[in-house]
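Trainee: Quick one: structure below, then a few questions.
The values are calculated or read from the model by the stated rules, or taken from the named source; none is laboratory data. Computed from a predicted structure; not experimentally measured. Here Cβ is always computed from backbone atoms with ideal geometry, including for glycine, and neighbour counts include all displayed protein chains.
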Amino acid sequence: MTFAARQLQEKCQEMRTHLYTTFVDLTNAFDTVSREGLWKVIHKFGCPEWFTHMVRQHHDGMTVRVTDNGTVSDAFTVTNGVNQGCILAPTLFSLMFSAMLMDAYRDEQPGIRIAYRTVGHHLNSRHMQTTAPLTP
């Protein structure tokens, strides 16, 4: 990832163009997944009931303890997030994230959309019209 970003940066410098990048840290995103929402999403994507039941058994009733400087907390129940030790965690998170994106863009029309805004006289359609007659 770093190599590809560096190559892109060098190419943009070579071509004297601006480069804007965004890095999203999703390390804590697994903790924010609503489990009730996840069960609905799994069903919506057509996963069999037995699969949903199996994943629920792995997550429901999960208790954890926190260790801080050698002090261990009492056990408490975790009600949000996916089990990061589970091999399915990235897939479950991807299903949830996909459902969120589909919901966010559900009213969009398929295809390419070009968004722009006009500032002052730039791209003003009145300035693009001509009164001169067109001759063949």
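Trainee: For region 1-60, name all the residues that are among the polar types (S, T, N, Q), surrounded by 10 or more Cβ atoms within 10 Å (Cβ to Cβ) and either at pLDDT 90 or above or part of a helix (DSSP H, G or I) (or both).
Mentor: Hits for region 1-60 are Gln7, Gln9, Gln13, Thr32, Thr52.
Trainee: Of the residues Val78, Val82, Val72, which single one is among the β-branched types (Val, Ile, Thr) and in contact (Cβ under 8 Å) with a residue 40 or more places away in the chain?
Mentor: Answer to the selection: Val82.
Trainee: Same structure again: Restricting the search to region 76-93, which residues are loosely packed, with under 10 Cβ neighbours inside 10 Å and either over 18 Å from Asn28 (Cβ atoms) or touching a strand residue (DSSP E or B) at 6+ places or on another chain (Cβ under 7 Å) (or both)?
Mentor: Thr77, Ile87
Trainee: Which count do you get for residues in region 68-97 that are over 14 Å from Ser34 (Cα atoms) and in a helix (DSSP H, G or I)?
Mentor: 2
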